[in-house]
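Notes for the one structure printed next.
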Amino acid sequence: MATSTNGAPSMFSKSNYTWMLIGAVVIALGMFLMSGGKSADPNVFNRDAVYSTTRITVAPIIIFIGLAIEIYAIFKRSSPEKK
(Lines give C-alpha, C1' and ligand atoms only; values in the text may rest on other atoms or scores of the structure.)
Protein backbone atom coordinates (compact mmCIF):
# COMPACT_ATOMS: atom_id res chain seq x y z
CA MET A 1 0.00 0.00 0.00
CA ALA A 2 1.33 3.45 -0.84
CA THR A 3 2.20 5.82 1.95
CA SER A 4 1.39 9.49 2.11
CA THR A 5 3.81 12.26 3.02
CA ASN A 6 3.06 11.93 6.73
CA GLY A 7 3.81 8.18 6.71
CA ALA A 8 0.18 7.03 6.91
CA PRO A 9 -0.95 4.51 4.29
CA SER A 10 -2.68 6.05 1.28
CA MET A 11 -5.95 4.67 -0.04
CA PHE A 12 -4.99 5.04 -3.69
CA SER A 13 -1.89 4.25 -5.70
CA LYS A 14 -0.57 6.00 -8.78
CA SER A 15 -2.50 3.52 -10.92
CA ASN A 16 -5.77 4.50 -9.22
CA TYR A 17 -5.13 8.18 -9.85
CA THR A 18 -4.27 7.47 -13.48
CA TRP A 19 -7.58 5.64 -13.98
CA MET A 20 -9.42 8.49 -12.21
CA LEU A 21 -7.85 10.99 -14.58
CA ILE A 22 -8.83 8.87 -17.59
CA GLY A 23 -12.41 8.67 -16.28
CA ALA A 24 -12.56 12.43 -15.77
CA VAL A 25 -11.33 13.04 -19.32
CA VAL A 26 -13.96 10.64 -20.73
CA ILE A 27 -16.71 12.39 -18.71
CA ALA A 28 -15.49 15.79 -19.94
CA LEU A 29 -15.54 14.48 -23.53
CA GLY A 30 -19.15 13.36 -23.07
CA MET A 31 -20.12 16.76 -21.66
CA PHE A 32 -18.40 18.47 -24.59
CA LEU A 33 -20.33 16.32 -27.06
CA MET A 34 -23.58 17.12 -25.26
CA SER A 35 -23.04 20.88 -25.39
CA GLY A 36 -23.99 23.16 -28.24
CA GLY A 37 -27.15 23.43 -30.28
CA LYS A 38 -27.15 27.23 -30.15
CA SER A 39 -29.06 28.96 -32.89
CA ALA A 40 -27.83 32.14 -34.58
CA ASP A 41 -31.34 33.55 -34.31
CA PRO A 42 -32.97 33.11 -30.86
CA ASN A 43 -36.42 33.21 -32.47
CA VAL A 44 -35.71 30.10 -34.57
CA PHE A 45 -35.77 26.61 -33.02
CA ASN A 46 -33.54 24.15 -34.84
CA ARG A 47 -34.87 20.74 -33.82
CA ASP A 48 -32.10 18.82 -35.62
CA ALA A 49 -29.34 20.68 -33.76
CA VAL A 50 -30.90 20.25 -30.32
CA TYR A 51 -32.10 16.65 -30.68
CA SER A 52 -29.17 15.21 -32.64
CA THR A 53 -28.10 11.60 -32.11
CA THR A 54 -24.77 12.76 -30.71
CA ARG A 55 -26.38 14.83 -27.97
CA ILE A 56 -29.20 12.46 -27.09
CA THR A 57 -27.54 9.04 -27.38
CA VAL A 58 -23.76 9.07 -27.83
CA ALA A 59 -22.83 11.71 -25.22
CA PRO A 60 -24.78 10.13 -22.32
CA ILE A 61 -23.29 6.71 -23.13
CA ILE A 62 -19.79 8.19 -23.05
CA ILE A 63 -20.55 9.89 -19.72
CA PHE A 64 -21.76 6.57 -18.24
CA ILE A 65 -18.59 4.88 -19.51
CA GLY A 66 -16.57 7.58 -17.76
CA LEU A 67 -18.51 7.00 -14.53
CA ALA A 68 -17.84 3.26 -14.81
CA ILE A 69 -14.13 4.01 -15.20
CA GLU A 70 -14.27 6.17 -12.08
CA ILE A 71 -15.95 3.38 -10.10
CA TYR A 72 -13.31 0.94 -11.34
CA ALA A 73 -10.56 3.38 -10.31
CA ILE A 74 -11.96 3.72 -6.81
CA PHE A 75 -12.44 0.00 -6.19
CA LYS A 76 -9.26 -1.17 -7.94
CA ARG A 77 -6.89 -2.81 -5.50
CA SER A 78 -3.36 -1.54 -5.40
CA SER A 79 -0.69 -4.08 -6.13
CA PRO A 80 1.75 -4.55 -3.25
CA GLU A 81 4.80 -2.33 -3.55
CA LYS A 82 8.22 -3.88 -3.87
CA LYS A 83 10.79 -2.55 -1.43
Quiz item: Would the range 5-15 turn up any residue that is assigned to a helix (DSSP H, G or I), touching a residue at least 12 places away in the same chain (Cβ under 8 Å) and surrounded by 11 or more Cβ atoms within 10 Å (Cβ to Cβ)?
Solution: yes
Quiz item: So which residues in the range 33-66 are assigned to a helix (DSSP H, G or I), at pLDDT below 95 and of a type in the set (Phe, Trp, Tyr), if there are any at all?
Solution: none
Quiz item: Of all residues in the range 29-83 being among the small types (Gly, Ala, Ser) and under 16 Å from the mean Cα position of the chain (by Cα), which is farthest from Ser15 (Cα to Cα)?
Solution: Ser35
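The values are calculated or read from the model by the stated rules, or taken from the named source; none is laboratory data. Predicted model, so just to flag it, every value in this text is computed and none were measured. Here the Cβ is made from the backbone with ideal geometry for all residues, glycine too, and neighbour counts use every protein chain on show.
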